[in-house]
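Reviewing the structure listed below.
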Amino acid sequence: MKVSIIGGAGYVGLITGLGVASMGHKVIAVDVDELKVKNLQKGISPIFEDHLESLLSFCNINNDITFSNEPSQAIKNSDLIIISVGTPINSEGKIDLSQVNSVLESLIENLNPFSLIVIKSTLPITAVKMLKDELNKHYKEGRDFEIVSNPEFLREGRAIYDFYNPDRIVAGADSMKSINILKEFYAPLIERNLSIPNEITIEDKHIPFIKTNLPSAQMIKYGSNAFLANKISFVNEIAQICESVGANVNEVISGMGLDPRIGNNYMQPGPGFGGPCLEKDLNALIELGRHYDLEATFMSAILDRNERQVDLLRSKLNNIVDNESKSRIAILGLAFKSGTDDTRNSASIKLIDKLLADGHVVTCYDPVAISDIDNQNFTQYGDIYDCLEKTDCVILMTEWEEFKSLDLKKTFEKMDGDTLLDMRNLFTRDKVESFGFKYVGLGS
Ligand code: NAD
């Protein structure tokens with residue numbers, strides 16, 4: 001099929017574009033960001049993901065994907081148009097639909113009947129209805145276009161693996177015509193008829209194809225993200241209680257997780273959820289609740305608990321460092337999770353901002369993420385041990401593999417102080433204390 005991806009240089013758009021191209025479809029990835037497109041045309045990826053470089057050169061060599069700033073030709077020449085533009089929140093906590101609205105304008109100008117419009121962006125239920133209504137003013141649904149909601153569930157850091165081995169494909173539409181086109185589109189993936197390197201795919205993976213109506217597909221996505229956010233806020237609160245009562249949260253989670261109704265996936269305490277999705281999607285549910293006169297108090301509580309987590313880390317630090325004099329604090333990890341260079345809503349960035357506001361000097365290291373913090377008291381280093389030099393305290397914020405093998409002897413020697421705050425519970429207290437450190441973890 002001829003496919004265009006609108007937002008094709010973003011996290012979701014790029015992974016989707018490359019994945020779809022490797023399924024045998026002809027792809028034009030369109031993005032308004034000229035620099036990203038220019039770099040992609042030269043084979044340079046704007047984001048960091050495992051396997052991304054090799055997949056990009058594989059698709060470029062086979063000429064299965066082209067990158068462009070120009071939506072009109074792409075939209076005119078496509079059987080299937082995938083929308084993967086951003087849906088961030090604005091300063092009032094509401095979903096900013098400006099990127100979606102600009103795509104709508106391009107669709108109105110260029111749609112070439114018949115096209116299937118596939119929504120991969122996480123769009124509020126009301127926004128999909130708005131898209132339909134606007135398109136129907138210029139075209140006839142069913143004859144000229146149809147819309148299908150096909151939410152994306154990839155995890156940054158494992159995005160390519162997730163593209164090829166999804167737990168499910170969700171297709172929400174008003175007609176069987178859309179569902180059938182989407183099923184045909186995904187057939188190479190479902191039938192495992194792919195010509196990509198073996199290590200990325202599970203050969204006999206069964207991929208359920210779930211058919212629903214439009215709002216159900218969207219609610220599957222929102223419900224999933226709200227549930228994941230809920231697990232993180234829940235376990236962070238349990239960890240906090242464990243600290244007060246003398247329990248060890250790692251043991252508590254293991255014990256709880258043996259109950260198959262609970263399990264222990266996604267149940268690690270940490271600095272709070274970040275990234276482009278969870279906070280935004282909770283906000284979208286709260287807004288949806290308001291729209292329908294429902295109070296989404298539970299969603300608000302998940303968000304509130306998450307916002308308190310960084311302050312909790314800051315107060316752990318304040319118990320250690322002398323707040324009257326400036327301390328030199330090393331932060332290990334900027335990305336909101338390991339495996340990605342994405343710092344959107346990262347707890348590290350939130351903590352760094354607070355530490356700088358408190359007057360501390362902050363040094364930082366991340367294997368791939370780069371900060372744009374502009375402050376004379378902040379320095380990002382390209383070497384982890386340079387970052388630790390003469391610091392009073394080190395705070396582990398992201399669960400990078402590299403940090404798990406941190407040389408604790410060398411770390412201790414480099415530092416002036418002796419405190420390690422482990423906000424991912426990567427180490428055991430005994431191990432860290434055996435090198436002379438004071439250890440502060442979560443939940444014990
Ligand atoms: P992103 O900001 O990385 O990518 C969006 C891209 O769209 C950008 O490159 C931007 O330049 C481009 N764009 C904006 N307006 C455009 C236009 N009019 N025409 C063409 N391109 C345009 O965002 P993302 O993280 O990829 O998220 C995209 C959507 O997918 C969001 O709705 C998000 O909630 C959802 N989602 C994201 C993830 C994730 O882990 N990142 C996972 C699942 C779902």
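Here, each number is a calculation from the coordinates, and none is a lab measurement. The shown structure was predicted, so the numbers you read here are calculated from the model rather than taken from an experiment. Neighbour counts are summed over all protein chains in view; Cβ atoms, including those assigned to glycine, are modelled from backbone coordinates with ideal geometry.
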Legend entry - J(HN,Hα) series, the range 294-306, from Karplus relation 6.51 cos²θ - 1.76 cosθ + 1.60, nearest Hz, glycine and proline x: 10, 9, 8, 5, 5, 4, 5, 5, 4, 5, 4, 4, 5
Inset, instruction - Would you mind putting 345-352, 371-378 in packing order, based on average other-beta-carbon counts within 10 Å, highest first? - result: 345-352, 371-378
Inset, instruction - Report the residue, chosen from G359, G272, G333, that carries the largest GNM mean-square fluctuation when the chain is represented by alpha-carbon nodes joined by springs under 10 Å. - result: G359
Legend entry - Residue (of Y11, S72, G86) at the positive-pole extreme of the range 5-144, dipole from beta-carbon charges: S72
Legend entry - Spacing of the two label points (7 Å from each Cα toward its C-beta) at T379 and S57, in nm: 3.5
Legend entry - Alpha-carbon Rg with Dmax, taken over the chain, Å: 23.4, 72
Legend entry - Contour minus Cα-Cα distance for S102 and N248 (0.36 nm per residue): 47.5 nm
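Of K94/K337; K409/K438; K36/K132; K316/K337; K120/K280, which pairs sit farther than 19 Å apart, going by alpha carbon to alpha carbon?
Flagged as over cut-off: K94/K337; K36/K132; K316/K337.
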Inset, instruction - Report the label-to-label distance for A187 and K76 in nanometres (one decimal), using points 7 Å from each Cα along the Cα→Cβ vector. - result: 2.9
Legend entry - Positive-end residue, the chain charge dipole about Cα centroid, Cβ charges, pick of L396, F435, N345: N345
Inset, instruction - Name the residue farthest towards the positive end of the dipole of the range 79-174 from the options S98, G142, I108, assuming +1 on Cβ of Lys and Arg, -1 on Cβ of Asp and Glu, about the Cα centre. - result: G142
Legend entry - For R290, R143, R328, R192, order by how many other beta-carbon atoms lie within 10 Å, fewest first: R143, R290, R192, R328
Inset, instruction - List the residues whose amide H sits under 5 Å from the amide H of D96, counting only those 5 or more places along or on another chain, with H placed 1.01 Å from N in the peptide plane. - result: I89, N90
Legend entry - Pairwise FRET efficiency - E109 versus F227, Cβ, R0 = 56 Å, nearest 0.05: 0.90
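Could you tell me which trypsin sites (Lys or Arg not before Pro) in the range 1-105 are loop residues by DSSP with no more than 15 other beta carbons within 10 angstrom of their beta carbon?
Taking the range 1-105 and a limit of 15 other Cβ atoms within 10 Å, the loop trypsin sites (Lys or Arg not before Pro) found are K42, K94.
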Legend entry - C-alpha center-to-center spacing [the range 254-268, the range 25-94] in angstrom: 38
Inset, instruction - Could you calculate the contour length gain from A301 to D259, that is, 0.36 nm times the residue separation minus the distance between their Cα atoms, to one decimal place in nm? - result: 12.6 nm
Legend entry - Computed label-point distance, nm, for sites L294 and R155 using a 7 Å Cα→Cβ extension: 2.8
Inset, instruction - Taking the Cα centre of the range 221-306 as origin, sum charge times position over the Cβ atoms of Lys and Arg (+1) and Asp and Glu (-1), and report the length of that vector in debye to the nearest 20. - result: 220
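Using only helices, what value at 222 nm comes out for the chain when you add -39,500 (n - 2.57) per DSSP H run of length 4 or more and divide by the total residues, to the nearest 500 deg cm²/dmol? Intermediate values should be presented prior to the final figure.
Numbers: 17 runs with 191 residues, N = 444.
The helix-only estimate for the chain comes to -13000 deg cm²/dmol at 222 nm.
Mind putting a number on the dipole of the chain about its Cα centre? Charges go on the C-beta only, +1 for Lys and Arg and -1 for Asp and Glu, and I need it in Debye to the nearest 20.
Once rounded to the nearest 20, the dipole reads 880 debye.
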Inset, instruction - When you have a sec, figure out the Kirkwood radius of the range 221-306 from all distinct Cα pair distances and drop it here in Å to one decimal? - result: 13.8
Inset, instruction - For the range 384-398, just list the computed ³J(HN,Hα) in residue order, Karplus coefficients 6.51, -1.76 and 1.60, θ = phi - 60°, integers in Hz, with x standing in for Gly and Pro. - result: 4, 7, 5, 5, 7, 3, 6, 8, 8, 7, 10, 10, 8, 10, 10
Inset, instruction - Once you have the Cα-Cα distance between N39 and D386, take 0.36 nm times their residue separation minus that, and quote the gain in nm to one decimal. - result: 121.8 nm
Legend entry - Relative contact order of the chain, pairs being alpha-carbon contacts under 8 Å that are 6 or more residues apart, as %: 12
